[in-house]
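Any read-out appearing in this document is the output of simple, stated calculations on the displayed coordinates, not a laboratory observation. Note that this is a predicted model, so its numbers are computed, not measured. Note: ideal-geometry Cβ built from the backbone for every residue, glycine included; neighbour counts use all protein chains shown.
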Amino acid sequence: MLIDTYGRIGTDLRVSLTDRCNLRCTYCMPEEGLAWLAKPELLTDDEIVRLIRIAVTDLGITEVRFTGGEPLLRPGLVGIVARCAALTPRPKLSLTTNGIGLARTAAALRDAGLDRVNVSLDTLRPRLFKKLTRRDRHHDVLAGLAAVREAGLAPVKINAVLMRGLNDDEAPDLLTWALEHGYHLRFIEQMPLDPQHGWQREQMVSAAEILERLSARFTLTPEEAGRRGSAPAERWLVDGGPVAVGVIASVTRPFCRTCDRTRLTADGQVRTCLFAREETDLRASLRSGASDQLIAELWRTATRGKKAGSGLDDPSFLQPQRPMSAIGG
Ligand code: SAM
Ligand code: SF4
């Protein structure tokens, strides 16, 4: 098991498959992109599958989510999914993506064994999408979403980040649209994980504000207490249910006490938290011939060092060196 000194057990593994991306969301990447990892620094497909196998068979991981950067840019993605689906016990497999390219790959990913997809979409307005992501690809995201639905990868979750003065007026429209299409919508508070270090708490659209804006159009009732478990999203039934809307309030209502996550970066570093400043280098061990047992032990040791919380409210908080796109969101 991956158990930390606060008694939390890691069962949910986020695997970043690349730090590269075909969008440039303003809260995530500068226009010119970042200094990408060089190919030899990236884990190979075999190395990724080996680490996931160790996590699943020796460490109690039951859920694996592929992310990035943009995971659909990883050429071997379908093969990685298929090999993970063949593991025993079989983990649940999901993908967090900006949706570009899903129209081509959704069916292949389903056939390989992918269970679910989260698509990130912050606006319904194509021109604003271009401004927010610096790419004119709104149409591709919608096509990707339609393909996931057709492939039967339900429920499709949509992640949206609201930014003051840009799309913060869109919360009710996004929810109306999600209800019409059967998508499960979750809003995420913007976190200080941008490479530009431009995040300002006062500028962030908080969970309270998101709920207030939604309440102008919908009646929201908190979902039964106890249903949240370790899920980061708090959920509210919309107009009496059964559909709910989620809010991931990582900044104003952190869920660290029930966190069940561990993370693997595209270059083989284990991170116990998005906001961690320490990493454990599994790639070096892999490449120097370490046994599965040793790798599992290194992962357990890393987990014992997991901090109680993100430290965001601590006056001495420092952003991690890696931005979100290089950690794996
Ligand atoms: N490229 C994929 C995507 O956009 O879904 C996967 C990686 S992306 C880093 C994962 C999620 O993190 C997206 O939903 C994105 O909106 C979110 N994200 C990125 N930077 C963020 C930040 N500073 N605060 C909150 N969410 C952020
Ligand atoms: Fe790319 Fe996702 Fe970051 Fe947007 S949020 S730039 S899609 S990694």
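Here are some notes:
- Label reach from Asn22 (point 7 Å along Cα→C-beta): in the range 106-146, amide nitrogens under 16 Å belong to 106-109, 119-121, 130, 133-146.
- For Glu150 and Thr57, a Förster radius of 35 Å and the Cβ-Cβ distance give a FRET efficiency of 0.55, rounded to the nearest 0.05.
- Using the alpha carbons alone, the radius of gyration of the range 32-91 stands to its Kirkwood radius in an Rg to Rh ratio of 1.01.
- Rough spin-label spacing in nm, given labels placed 7 Å along Cα→Cβ, for Arg127 and Arg300: 5.9 nm
- Candidates Asp267, Asp122, Asp46: whichever shows maximal mean-square fluctuation once the chain is modelled as a Gaussian network with Cα springs under 10 Å: Asp46
- Label-point gap, in nm, between Trp177 and Ala231 - each point 7 angstrom along Cα→Cβ: 2.3 nm
- Taking other residues whose beta carbon is less than 12 angstrom from the beta carbon of Arg90, and scoring Lys, Arg as +1 and Asp, Glu as -1, yields +1.
- Radius ratio Rg over Rh of the range 245-284, counting only Cα atoms, Kirkwood formula for Rh: 1.08
- Ratio of the Cα radius of gyration of the range 150-287 to 2.2 N^0.38 Å, where N counts its residues: 1.20
- Top of Gly198, Gly144, Gly101 by mean-square fluctuation, Gaussian network on the chain, Cα under 10 Å: Gly198
- Here the peptides 49-61, 306-318 are ranked by packing, the mean other Cβ count within 10 Å, and the order with the highest first is 49-61, 306-318.
- Degrees, to the nearest 10: 138-150 long Cα axis against longest axis of the chain: 70 degrees
- Gap separating the Cα centres of the range 27-88 and the range 137-154, nearest whole Å: 22 Å
- Of Glu278, Glu189, Glu209, the one that fluctuates the most in a GNM where the chain has Cα springs shorter than 10 Å: Glu209
- For the chain, the longest principal axis of the C-alpha atoms and the axis of helix 292-304 are separated by about 50°.
- Rg/Rh (Cα only; Kirkwood hydrodynamic radius) as it applies to the range 1-125: 0.99
- Percentage relative contact order, the chain, counting C-alpha pairs under 8 Å, at least six apart: 22 percent
- Taking Cβ atoms as reference points and 12 Å as the exclusive limit, the residues near Glu63 contribute a net charge of +3, counting Lys and Arg as +1 and Asp and Glu as -1.
- Alpha carbon convex hull of the chain, projected area averaged over orientations, nm²: 15.8 nm²
- Placing dummy labels 7 Å off each Cα toward the beta-carbon, the span from Arg257 to Gln293 is 3.9 nm.
- Cut-off under 5 Å, modelled amide H: who pairs with Ser310 long-range: none
- Alpha-carbon centroids, the range 192-269 and the range 273-329: separation in whole Å: 23 Å
- Cα gyration tensor shape of the range 185-261, rounded if a/c is under 1.5, else prolate or oblate by comparing a/b with b/c: oblate
- Share of Cα-Cα pairs in the range 237-313 lying beyond 19 Å, as whole percent: 50 percent
- DSSP finds beta bridges in the range 2-327, and of those with both partners inside it, around 35 percent are antiparallel.
- Helix-derived mean residue ellipticity, 222 nm - over the chain, DSSP H n ≥ 4, -39500 (n - 2.57), to 500: -8500 deg cm²/dmol
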